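Participant: First, the structure itself, so that you have it in front of you.
The values are calculated or read from the model by the stated rules, or taken from the named source; none is laboratory data. Computed from a predicted structure; not experimentally measured. All Cβ positions, glycine included, derive from the backbone under ideal geometry; neighbour counts span all protein chains shown.
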Amino acid sequence: MEMVQPLRDRTKIEEIKQLLSVNKRDFLMFVLGINCGLRISDILRMEIGDVIDRSGRPKKYYELREKKTNKYKRFIFAENVQAAILSYLNGYIGNYDRPLFLSRKSGANGHSKPLTRQQAYNILNDAARNVGVDDNIGTHSLRKTFGYFAYKAGTDIVLLQQIFNHTSPSVTLRYIGILQDDMDKVIINLNL
């Protein structure tokens, strides 16, 4: 498996959001992924009741037991994520145990099923290619983009390490795509 990269260009992120905005499901998946840092496996198993309350209002946060680590996590939904949730589910009346990100394909029993990881990959990769992103992009790029921009905004690497459940800050730096060029810029820009 090839290593995927975070999206590092805010303009490209906005272009992807614009492209995906025609499909509210895909838009929410993207916005949620880049703003919460959840793994795609945890995003795709979310249900309607995980993001809206019984009166149809977006919840403030999502509580889960991570699929990969089995650790409890609580992720707050930023205002833009809540807005995307409201746009996607405005006026929703129905089963709150239904998958949040439904596939257009139905299962063998005729019931709806959640998007697969492969379908999510195709959606994200196609959108990235359509706006001219040349890096290797995959479902993990959402989580890495969250970490990359959080780090660039000044979030302590140790805090990101905890969010990602990594063993060391160096693992987190490599994971979020902080490259040698970025480290060189620190030295060049310091210029004491």
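Participant: Quickly run through the stretch 42-55 and pick out the residues that are within 17 Å of ARG25 (Cβ to Cβ) and of a type outside the set (Asp, Glu).
Facilitator: Restricting attention to the stretch 42-55, the residues satisfying the condition of being within 17 Å of ARG25 (Cβ to Cβ) are 42-52.
ILE43, LEU44, ARG45, MET46, ILE48, GLY49, VAL51, ILE52 - these are the residues of the stretch 42-55 that are within 17 Å of ARG25 (Cβ to Cβ) and of a type outside the set (Asp, Glu).
Participant: Another question about this same structure. From (1) loosely packed, with under 14 Cβ neighbours inside 10 Å; (2) more than 21 Å from VAL51 (Cα to Cα); (3) among the polar types (S, T, N, Q), pick out the condition that doesn't hold for ASN125.
Facilitator: (1)
Participant: Being touching a residue at least 12 places away in the same chain (Cβ under 8 Å) and under 17 Å from the mean Cα position of the chain (by Cα): is that true of LEU89 here? Spell out the reasoning first.
Facilitator: On the way: touching a residue at least 12 places away in the same chain (Cβ under 8 Å): yes; under 17 Å from the mean Cα position of the chain (by Cα): no.
In short, no.
Participant: Taking the stretch 9-33 as the search range and keeping residues that are among the basic types (Lys, Arg) and out of contact with any Ser or Thr (no Cβ under 7 Å at 6 or more places or on another chain), which one is farthest from ALA78 (Cα to Cα)?
Facilitator: LYS12
Participant: In addition: Only one residue in ILE43, ILE52, ILE85 is closer than 18 Å to PHE164 by Cα, β-branched (Val, Ile, Thr) and touching a helix residue (DSSP H, G or I) at 6+ places or on another chain (Cβ under 8 Å). Which one? Walk me through how you get there before you give the answer.
Facilitator: Values: ILE52 fails: closer than 18 Å to PHE164 by Cα; ILE85 fails: closer than 18 Å to PHE164 by Cα.
None of the other options fit; the residue is ILE43.
Participant: So, of the residues in the stretch 58-84 that are within 14 Å of SER21 (Cβ to Cβ) and of a type in the set (A, V, I, L, M), which turns out to be surrounded by the fewest Cβ atoms within 10 Å (Cβ to Cβ)? Break it down stepwise before answering.
Facilitator: Keep residues of the stretch 58-84 that are within 14 Å of SER21 (Cβ to Cβ), which gives 80, 83-84.
Cutting the leftovers down to of a type in the set (A, V, I, L, M) gives us 83-84.
Working: ALA83: 14, ALA84: 25.
Once the filter is applied, the top-ranked residue is ALA83.
Participant: Going by the conditions given, is ILE52 surrounded by 15 or more Cβ atoms within 10 Å (Cβ to Cβ), in contact (Cβ under 8 Å) with a residue 12 or more places away in the chain, farther than 17 Å from PHE146 by Cα and touching a Phe, Trp or Tyr at 6+ places or on another chain (Cβ under 6 Å)? Walk me through it before giving the result.
Facilitator: Numbers: surrounded by 15 or more Cβ atoms within 10 Å (Cβ to Cβ): yes; in contact (Cβ under 8 Å) with a residue 12 or more places away in the chain: yes; farther than 17 Å from PHE146 by Cα: yes; touching a Phe, Trp or Tyr at 6+ places or on another chain (Cβ under 6 Å): no.
For ILE52, the condition - surrounded by 15 or more Cβ atoms within 10 Å (Cβ to Cβ), in contact (Cβ under 8 Å) with a residue 12 or more places away in the chain, farther than 17 Å from PHE146 by Cα and touching a Phe, Trp or Tyr at 6+ places or on another chain (Cβ under 6 Å) - is not met.
Participant: Now for a different question. I need the helices (runs of 4 or more DSSP H) fully contained in the stretch 16-102, keeping only those with at least 1 residues that are modelled with pLDDT under 95 and more than 19 Å from THR116 (Cα to Cα). Spell out the reasoning first.
Facilitator: Values: elements: 24-36, 40-44, 48-51, 79-89.
Filter on the stretch 16-102 gives 24-36.
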